[in-house]
Every structure is written in structure tokens, then in C-alpha cells.
1. Would you mind ranking Arg351, Arg499 so that the residue whose beta carbon has the fewest other beta carbons within 10 Å leads the list?
2. Most exposed first by the Cβ proxy, i.e. fewest other Cβ within 10 Å, how do Met490, Met170, Met4 rank?
3. Just order 481-488, 27-34 by mean Cβ neighbour count inside 10 Å, highest at the front, would you?
4. Gain in length, Ile25 to Ala415, computed as 0.36 nm per residue apart minus the alpha-carbon separation, to one decimal in nm?
5. What FRET efficiency, computed as 1/(1 + (r/R0)^6) with R0 = 25 Å and r the Cβ-Cβ distance, is obtained for Gln501 and Arg480, rounded to the nearest 0.05?
6. For Val43 and Ser312, calculate 0.36 nm times their separation in residues minus their Cα-Cα distance, and state this gained length in nm to one decimal.
7. So what's the Cα pair-distance distribution over segment 156-229, bin width 10 Å, in %?
8. How big is the gap, in Å, between the Cα center of segment 334-388 and the Cα center of segment 162-224?
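Derivation of every value follows stated rules applied to the coordinates shown; laboratory data play no part. Since the model is a prediction, treat every value here as computed from it, not as a measurement. Here the Cβ is made from the backbone with ideal geometry for all residues, glycine too, and neighbour counts use every protein chain on show.
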Amino acid sequence: MQLMPSLGQRQKQSLVMTPQLQQAIKLLQMTNLDIKNYLENQVLENPFLEVHSQETLLQSLPSSQNSPTSDTPPENQPKNQPEIQPEIQPVDSTSAAVSNDPTEHADFDNRYSSSSLDLGNSQPKNHVADSNWDDIMSNVAGQPDNLNTHILRQIDLNIKDTREKFIACMLANAIEASGWLGQSCSEIASHCNCEVEQIEIVLTKLQTFEPAGIFARTLSECLTLQAKEQGSYDTIMATILENLELLGKGELAILARKAHAEIADIAKRLQIIRSFNPKPTASFEAEYLAVNAPDIIVRESSDGLVVDLNRSTLPSLVINEAYVNEINKGARNRQDEEIKSFTSDSVGSARWLKRSLEQRNNTTLKIAGEIVNQQSDFFKEGLSGLKPLSLKDVATAVNMHESTVSRVTSGLLMATPKGCFTLKSFFSVSIAATESGDGTAAAAVRDLIKTIISNELPKKPLSDDAIAALVSEKGIKLARRTVAKYREMMRIPSSSERRRQAKLNMAI
């Protein structure tokens, strides 16, 4: 067998995504805030693009077009159906149009700059709007101290000895987010190269810090520190805190015998214990998350529900045609061919981006309107009116692919009269019915289980089998294990635990 280089031809077919298609797909998955950041980055790269907010567009419109939108739907639109209002198109700086549209060229795919697909959401460096600077600084100044800063400040004020301050800092590093000590004293003593007794002496001082219960090693110690802080720690309280297992089981009579007290005395201390916080630093755990504004707004009108995009956060893209014409007229000699080529490529990219943005808005509005249409009972009855809905159902109704519906509904928020929900929350699997007919959404079944448990007798809580039987009487097939799964999802304790809690509540 002879091995040697050779030339040959091979023919094959492959599916290639053009940069325009990649751009359109990624725009579908963006929220209004993501689109705003993306367009601001595109303006820095393309001199012919302008981003206008909704307020700017309304100011540029004539007074007749700037009037509020009427709630009356068009004549050809059926009543009680989600009304999809037309999108407000951006107004160009001039009515003159470029005669040679680069997007009509067949070879535009090869001239499209793939660098424009960078979807970075962060603002460019040294590009902070003056109007937002005061808000940014006020938010930074208004945030409270974190847990570590809060503890170190108290250490500086209360501990003066250098060695004890070093041990206190080691203990502060070992504290968990709940406020408990995450390491044993022996482990910290080995790190500090000192005796365990010295660690315990410093720990006793740290346990007097605010909030009460901090630096505890067990639940009993955490509650004891808070009881001492409130002045409610006595022999009866000490007995209860030393026997938390009996308290959890509701064995108040046994606790009364151990404490040589009456059940009423135990119930009185139990009410005090319920005011304690087992995680004293839980307030420091909460992170300040930026909650985005809704992307879609659903409102009620006299003729039904109206669905529209949140245009207050959705910018519009404008192509400065006057600037394009001015540059083309100035390019006269041969040396300006590069300027013409740059202008053609930039305007072509801008128009592709504008078309993709318009397609994204229309697709989002169409899918959101169909979801509201199919879940119209939810806006009247709440969770009990939620119907089974899948991506395939919506895709079939709007004549789109399931992947398109999935991309659009992945991260968008919808503000409705019932609250703000993600589009994904309107999709729910179906639970089979005992009789012929449509199934019931799993979310509606969970709401039904929650209602049944809330109406049960505290002394005789319903078992999972009993709940499944009650649900089956309403025409829904449900197994006991499904009831247990949904109950755990809603963080509802079992029947035995609910009976124990009812017993404790009655004792107070």
C-alpha cells in the first residue's frame, strides 16, 4: 500500500447558521434590560445607529399620535380575547431613504461582522450616565453592613487585649451565615496554637454581642443566650431548653414533671421560645438582588384582557439616514471607496439588527397573547383555574416551533392583575381525570391539596390517603405518593407532625 498526498473532491450538505440567524435567536432570549444594554453597545460600534427611549419617541410624534391608547379593541378582533396592540415604530431622523439597501445584496452574509454578536450586558468602561450616578451612589450608601463587618466592629469596641482580639477574629472567621459557630473550640485552638480554655473565655465574651444568640454551637445554646438576654431564663426554661427533643414531640406533661412545674408554666415558656430566632443573623443572609421590571404587561379592560410589551423599558432602534446620505455624497474620488464600503456594511448591519428586533417584539407579543388566551381562567379564578399547558400547545396555536416558544418564555416576566409571574410558570403538566374530559393542571391540584389541609380539623389532620380520596371525589386521579410529593414541595408537614403542632398550639 502506497501512501502519498493526493487531491480529491467531495460533496456534502450541512446546516450552517448565518450571523443574522444567530443574532435573531439570541435576541429572542433577551429581556428588555438585556436588549437595552446590547443596543447601547451596538451604538458604540455603529455610527449610524441611535437608541431612543419611549419618552423620546412620544415627544417626536405629532400630538394626534401622542394621545393615550384607547382600550377599545379593533372591530375585527373578537371580544374577551387578549388584545395585541401594534408596536410603536421608531421615527427616523429624515424621510429620505438610501437607494441601495445593503440588506438586499446576496453577498451580505459574507460581509456581516460577527463581532456584533457579542452580547455583553455590562456597561462599557468610563460610560456611566450622569443621571444614574446619584442613584448608584445612593444604593451603595444605603446598604447595611455585612455580617463580618458587623462582628469586627463589635470586637474593636469590646475587646482590647491583643491576643484575645486575635482569637476573636479567628472565631469570627469560623462563624456561619446562620450565626452559629462552624468549628469546634479544639479546632480553633489548634489554629491559634493556644489552649482550649482561652478560646472558651473569648467565646463567652463574643456570645454577648448583638444580635442575641450569635456564636452559639447548638440550638439549645442559641435559645439559651436569647433567653438570658431577655431576662426570661429560669430553672423551668433551662429544663425545657435542655430537653428540646421532648418539646418537639409535644410531650409537655413529661417536661412538666422534669421541671417540677405545671403544664401551664411550660406553655408560657413555650410561647416565649417561639419569639426567639434560631438563626440570629438570618437578616444578613439576604442578598440585595436586582429585580427587573416586567417585560410584558397584562391589564384589564371593558372588553377583556389587553396584552402589550412594557415599552417604558424597551428601547427603539433608529437608523440615521440623513447621516448616511451625507457621507455618500461626500465620497467622490477613488480614495473614498473604503468609506462607501464601510457605510454599506454598517447600514446593512443596522438594518438586520432592526429587523431582528422587530421580529423579536412581534414574536414575544404573539406568544404572550396566546398564553394569556389559553390561561384566561387563571385571571378570573386564580390557581384553581390554571389549565394544563405545554410548549407544544402554544407552538401549534401560533404556528411556531417549540424551541422558539421555549426561548421566548425562558426569562421574561409578565405583570398581570394577579401579580408578576414568569412566562414559564403558566406551563403545567396535566393530571389525569377519573372521568372523560380534560385533565387538571398540577399547579391547580397542589392548590387544591393546600386548601383541603387548611380546612382540616387541627385535632384530626388528614392522612395522605384521605387527601387523595377527597381529591378523587372531585374527578382527579391522584395516588397517595403524589399527594406526599406535592405536600413536600409546598413544605407542608405530615399528618403526625401537624397533629403535634396542633397539640402545642392548644397548650399555649
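1. Result, fewest neighbours first: Arg499, Arg351.
2. Going from sparsest to densest Cβ surroundings: Met4, Met490, Met170.
3. 27-34, 481-488
4. Stretched fully, the Ile25-Ala415 segment lengthens by 138.0 nm.
5. About 0.70, to the nearest 0.05.
6. Extra length from Val43 to Ser312 when fully extended: 94.9 nm.
7. 20, 55, 24, 1
8. One Cα centre to the other: 56 Å.
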